[in-house]
Each structure stands twice: as C-alpha cells, then as structure tokens.
Amino acid sequence: MPFADLQDVQIHYDLTGPATAPVLVFSNSLGANLSMWDALLTDFSSNMRVLRYDTRGHGASSAPSGPYNFDQLGNDVIGLLDALRIDRVFFCGLSMGGMIGQWLGVHAPDRMNKLVLCSTGAKIGNAETWNARIDTVRRLGMKSISTAVIERWFTARFRKQSPGLVEKTKQMIESTDVEGYAACCGALRDSDLRASLSAIRTPTLVISGTHDPATPPADGHFLADSISGARYVELDAAHLLNIERRERFTAELRSFLSA
C-alpha cells in the first residue's frame with residue numbers, strides 16, 4: 001500500500017489510471033475509507049487518473065492525537081498532491097470530504113480545476129450532538145453506532161435491496177479507529193464555513209440526497225446559493241448517494257467534469 005509521509009501524518013492513498021490524464025480526487029465521509037469509492041474506479045479510471053486517500057484518522061492512514069481541524073484536513077490534501085507532484089485536480093468530496101472541498105475552494109483555488117460537493121454542508125450538526133457521538137464511541141466503540149449510521153447513510157429501500165453491500169459498508173464503519181473518528185468529529189463540531197463560501201470561485205457542483213437526514217437538501221441549496229455559479233443536483237437517495245445511486249451519480253459527475 002502506498003503512503004505519503006507528511007509533516008505530522010502518514011496518508012494512505014491509491015492512484016489509478018493513465019499517467020498523463022487529468023487527476024480526479026475522491027475524499028471520503030466520516031467513518032469511511034477510500035473503499036467507499038471502489039465502484040467508481042471502473043467508471044473514471046479509463047480516462048482520468050483517480051486519486052483516492054484515507055483521511056487522517058481513517059482507514060490505513062495514521063491517527064495523530066486530536067481533535068483535528070479543517071486547516072489540517074485541507075492541508076493533508078495539498079501535502080499529498082505535492083508529494084505526488086500533482087499540480088491541479090478535480091476534487092470530489094462527500095460529507096466530511098465535501099467540507100474539505102469547501103476549504104480547498106477557499107484556501108487553495110489555484111490547485112482546483114472544479115469542485116464537487118456531495119451530501120455535505122457548510123456547518124454540519126451542533127456541538128451537543130458531536131460531543132455525544134465522541135463520548136459514545138470512546139466508551140462503547142464503533143460497533144455501538146454502526147447500525148444508526150447505516151440507517152442515515154442508506155434508505156430502507158436500498159438496505160433491503162442490497163444487504164451484502166450494506167453489510168460491507170457497516171464493517172467499514174466498525175473498522176474505523178475510534179480516536180481518529182473522534183478527532184474528525186471534533187473538526188466537524190468546531191467548523192462553520194458559511195461565511196467563507198462567497199470566496200469560492202472554482203466551478204462547483206453540489207449534489208444532495210432527497211432522503212439524507214445528516215446533510216439534508218436545505219444544506220445543499222445553501223451551498224449552491226452561496227457559491228457563485230454553482231450548480232445543484234438532487235438524487236433520490238440518502239447520504240451515501242455515490243453508492244445508492246451510482247449510475248445517476250456517475251452520469252452527473254461525468255457531465256460536470258467534461259463541461
């Protein structure tokens with residue numbers, strides 16, 4: 001497994017596709033790792049260089065002491081690009097990854113070709129909710145929240161139709177490092193990017209899920225309304241719409257990236 005040794009963290013990544021093709025970065029949600037994008041590799045790696053990575057505290061990346069903040073999470077992306085000698089990218093982030101995308105749009109516009117912000121918001125949840133989540137996983141472990149997370153991530157319809165995929169996703173959640181998860185919860189708890197959105201000038205696509213209780217369509221509409229020229233798309237899905245509505249998600253992403 002390839003790793004990039006950055007200033008205070010080791011980032012696990014996967015880089016697939018033609019060496020001279022434009023680079024598309026996928027950034028995962030809280031409690032996930034780069035495997036949440038597995039199905040899209042076949043859709044994009046033939047004509048793009050697909051870079052997936054595990055956010056610090058997740059997957060095979062290291063988990064330095066937290067709490068983290070989005071300056072760290074955003075600079076991890078820049079550090080990874082620098083280590084791989086990649087100048088500019090197309091960036092697609094979901095949930096926490098979408099907040100990283102917003103940070104990059106504000107602080108590193110010269111590295112971004114286009115932004116895709118999925119199932120995300122400029123402020124997600126509140127301090128009380130995040131503190132309760134941190135306390136629960138530290139006391140009881142990741143298995144204590146995995147069922148509730150799955151119910152937010154997928155509609156009941158999809159959970160019934162694709163039990164194998166849902167179970168695989170649940171195992172991904174349960175394998176997440178507790179302290180890494182808690183440290184990223186701290187970043188989400190402490191971050192409010194609403195006042196910064198008007199600074200984003202990178203072409204942006206916002207994708208929300210109609211049935212997403214974690215970052216509902218209102219959050220996506222706020223992003224699209226606050227970012228100049230942003231386009232808004234809503235899919236008939238819950239939070240992990242890249243999995244639940246893969247074909248439609250792929251079509252919307254491909255159309256935006258090629259426009």
Exercise for review: For segment 23-39, enumerate the residues that are more than 19 Å from Gly180 (Cβ to Cβ) and touching a Leu at 6+ places or on another chain (Cβ under 8 Å).
Suggested key: Val23, Leu24, Val25
Check your understanding: Somewhere in segment 161-171, is a residue assigned to a strand (DSSP E or B), among the hydrophobic types (A, V, I, L, M, F, W, C) and under 19 Å from the mean Cα position of the chain (by Cα)?
Key -> no
Check your understanding: Listed residues Glu247, Glu234; which is in contact (Cβ under 8 Å) with a residue 24 or more places away in the chain and either more than 18 Å from the chain's Cα centre (by Cα) or in a strand (DSSP E or B) (or both)?
Key -> Glu234
Practice item. Hey, could you check segment 11-49 for residues that are of a type in the set (Val, Ile, Thr) and more than 22 Å from Ser208 (Cα to Cα) and say which is modelled with the lowest pLDDT? Key: Thr42
Check your understanding: Would it be correct to say that Arg111 is within 25 Å of Asp192 (Cα to Cα) and surrounded by fewer than 24 Cβ atoms within 10 Å (Cβ to Cβ)?
Key -> yes
Exercise for review: Enumerate the pairs (first residue in segment 185-204 and in contact (Cβ under 8 Å) with a residue 60 or more places away in the chain and basic (Lys, Arg); second residue anywhere and crowded, with 20+ Cβ neighbours inside 10 Å and assigned to a loop (DSSP other than H, G, I, E, B)) with beta-carbon separation below 6 Å, excluding pairs fewer than 6 apart on the same chain, so at least 6 apart or on different chains.
Suggested key: Arg194/Ala122
Practice item. Consider Thr202 carefully, then state whether it is farther than 23 Å from Arg152 by Cα and in a loop (DSSP other than H, G, I, E, B). Key: yes
**Study point:** Filter result (within 18 Å of Arg49 (Cα to Cα) and among the acidic types (Asp, Glu)) within segment 62-120
**Key:** Asp82, Asp87
Review point. Which of the residues spanning segment 138-184 are of a type in the set (S, T, N, Q), more than 22 Å from Ala127 (Cβ to Cβ) and without any contact (Cβ under 8 Å) to a residue 24 or more places away in the chain?
Key: Thr147, Gln161, Ser162, Gln171
Exercise for review: Go through Leu34, Leu94 for me and flag whichever is of a type outside the set (Phe, Trp, Tyr) and in contact with a Cys (Cβ under 7 Å, 6 or more places away or on another chain).
Suggested key: Leu94
Practice item. Test each condition in (1) surrounded by fewer than 19 Cβ atoms within 10 Å (Cβ to Cβ); (2) within 27 Å of Ser196 (Cα to Cα) for Trp130 and report the one that comes out false. Key: (1)
Revision key, fill the gap. In segment 105-114, residues that are within 21 Å of Arg254 (Cβ to Cβ) and part of a helix (DSSP H, G or I) total 1
Revision key, fill the gap. Exactly one of Ser198, Ser175, Ser162 is surrounded by fewer than 22 Cβ atoms within 10 Å (Cβ to Cβ), of a type in the set (Ser, Thr, Tyr) and within 24 Å of Ala108 (Cβ to Cβ), and that residue is Ser198
Exercise for review: Tell me, please, whether a residue that is in a helix (DSSP H, G or I), among the small types (Gly, Ala, Ser) and surrounded by fewer than 19 Cβ atoms within 10 Å (Cβ to Cβ) can be found in segment 89-101.
Suggested key: no
Review point. Before we move on, is Ala187 in a helix (DSSP H, G or I), out of contact with any strand residue (DSSP E or B) (no Cβ under 6 Å at 6 or more places or on another chain) and closer than 22 Å to Pro22 by Cβ?
Key: no
Exercise for review: Out of the residues in segment 34-81 that are surrounded by fewer than 16 Cβ atoms within 10 Å (Cβ to Cβ) and charged (D, E, K, R), state the one that is farthest from the chain's Cα centre (by Cα).
Suggested key: Asp71
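The values are calculated or read from the model by the stated rules, or taken from the named source; none is laboratory data. Predicted model, so just to flag it, every value in this text is computed and none were measured. Cβ sites come from the backbone with ideal geometry, for glycine too, and all protein chains shown count toward neighbours.
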